[in-house]
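Novice: Here it is, the structure in full.
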Amino acid sequence: MAGGSQVRQAASEERRLSRPPHRAHGTAGELWGLGAGRQQHRSPNAVALDFQNGRLAVFISTSLAGLVIVNLIWLPFSSIHPAKVLWLSTMAASPLVVLWGALGGIRYQLRKTPFRFRDRSRVFAARLQTAVAAWTVTAALSVALLLFSYLASATDRPLMDRYLAAGDAALGFDWTAYVSLLNDHQSIAEALSMAYRSLQVQLLLLPAILALTGRSGRLLEFIALYGLAGCLTCLVVIAVPAAGAFNFYHPPTEILSSFGPGASTRHLEQLHALRTLQPFLIEHPEGLVTFPSFHSALAVLFAYSVRGIRYVALPIYGLNVMLILAAVPQGSHYLIDVLAGFAIAAISIQIVWWIAHAPMPIAASGELAPSTQKEARDAVSDHVLHKQ
């Protein structure tokens, strides 16, 4: 009888360990990995998820703090003078902080007020609170990255466009012919332009989708990828300044008539002004980066972050394929810029994966055995990468 009891107990433990981890509810605490260590008798899978989220939260916070510190140190030694509009855009996140606090208060009140849909209401409020937190952090990262890109672009180092154009030639890509072909089909050009301008909308929409569907771990992963890819892009800009294909080839302006005003040229006035190293006031922020293409990198990250989500993944894939095709005419990118953007995305994905899946030293209830730790990591990896 004792042997049979032990067999049943072992089988029960095996089923518990092999069961996929519960999807996080998306509370603000889970968004920053604050749930780790609060509950007792948790499965190794749950412990692994907490550690992963905690590492990503620390990485995001450190990246944002590092960006702010670098900007503050660099700014006094540069020709850049941020206008009030940049500081006002930073303060625009204040209502989001107030909303986040209000949602926390609603969740607390719901916990004390019994009614039929209390649990569902609390879950929805928690997920909405997670979305608000994600928008706030993404906005802060965007402002910090924007200022970093201006600081990186304010240099008189020689432009590297001729080397980038030579790279396109080696690949057999003709920038002028490609843009002319798209420009001859106005409906296609307009559709691609809309896809290119969807980047800001996707930055708002994607965190909402991940938060409201309870994918707080995937949301942390996306924010970490966004911040890391932006930092890597700006670092490359320091080493490889470029003005873009339109400035290099000097084609007739009619070549972009179907794409609307500003295509391939919107950034040039500010970029050339920055390169004089004269005092520059940021009044109307623009994307200045040509190599690598940050739009292309983000398109890959958007598609990667919605992998496996039913009814959402395919439309996002299609939209971002169009965004990538539009990067050449709209952003004045060489083909090699786009390929470099893919490389930035791939490197970011690999680094963030390493951060999230580094070995766990200790769990809430003590040190995990190596075999159990490996089982937990493998189960979580399969769940996070393939089933969310």
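The values are calculated or read from the model by the stated rules, or taken from the named source; none is laboratory data. Please read all numbers here as calculations on a predicted model, not as lab measurements. For neighbour counting, all protein chains shown are included, and Cβ atoms are generated from backbone atoms with ideal geometry for every residue, glycine included. Quick note on the areas: whole protein, heavy atoms, side chains included, nothing else; ligands and nucleic acids left out. Shrake-Rupley method; radii C 1.70, N 1.55, O 1.52, S 1.80 Å.
Novice: Assess whether Val85 counts as being touching a strand residue (DSSP E or B) at 6+ places or on another chain (Cβ under 9 Å) and either at pLDDT below 60 or under 21 Å from Trp135 (Cα atoms) (or both).
Specialist: When the stated conditions are applied, Val85 passes them.
Novice: Another one. Condition check: aliphatic (A, V, I, L, M), open to solvent by 10 Å² or more (accessible area, probe 1.4 Å) and more than 20 Å from Tyr304 (Cβ to Cβ). Does Ile209 satisfy that?
Specialist: no
Novice: Of the conditions (1) open to solvent by less than 50 Å² (accessible area, probe 1.4 Å); (2) at pLDDT 95 or above; (3) β-branched (Val, Ile, Thr), Val321 satisfies every one except a single condition; which number is it?
Specialist: (1) is the only condition that Val321 fails.
Novice: Any chance region 299-308 includes a residue that's under 20 Å from the mean Cα position of the chain (by Cα) and modelled with pLDDT under 90?
Specialist: Yes, region 299-308 contains at least one residue that is under 20 Å from the mean Cα position of the chain (by Cα) and modelled with pLDDT under 90.
Novice: Taking Thr130 and the conditions (1) part of a helix (DSSP H, G or I); (2) open to solvent by 20 Å² or more (accessible area, probe 1.4 Å); (3) in contact (Cβ under 8 Å) with a residue 60 or more places away in the chain; (4) not acidic (Asp, Glu), which numbered condition does it fall short on, given that it satisfies the others?
Specialist: (2)
Novice: Let me ask something additional. Go over the candidates Gln270, Gln278 one by one and state the one that is polar (S, T, N, Q), open to solvent by 10 Å² or more (accessible area, probe 1.4 Å) and in contact (Cβ under 8 Å) with a residue 40 or more places away in the chain.
Specialist: Sole residue among the options that is polar (S, T, N, Q), open to solvent by 10 Å² or more (accessible area, probe 1.4 Å) and in contact (Cβ under 8 Å) with a residue 40 or more places away in the chain: Gln278.
Novice: Within region 190-217, restricting attention to residues that are farther than 20 Å from Ala125 by Cβ and not hydrophobic (A, V, I, L, M, F, W, C), which residue is farthest from the chain's Cα centre (by Cα)?
Specialist: Glu190
Novice: Could you list all residues from region 222-236 that are open to solvent by less than 10 Å² (accessible area, probe 1.4 Å) and among the aliphatic types (A, V, I, L, M)?
Specialist: If the condition is that a residue be open to solvent by less than 10 Å² (accessible area, probe 1.4 Å) and among the aliphatic types (A, V, I, L, M), then Ile223, Ala224, Leu225, Ala229 are the ones that fit.
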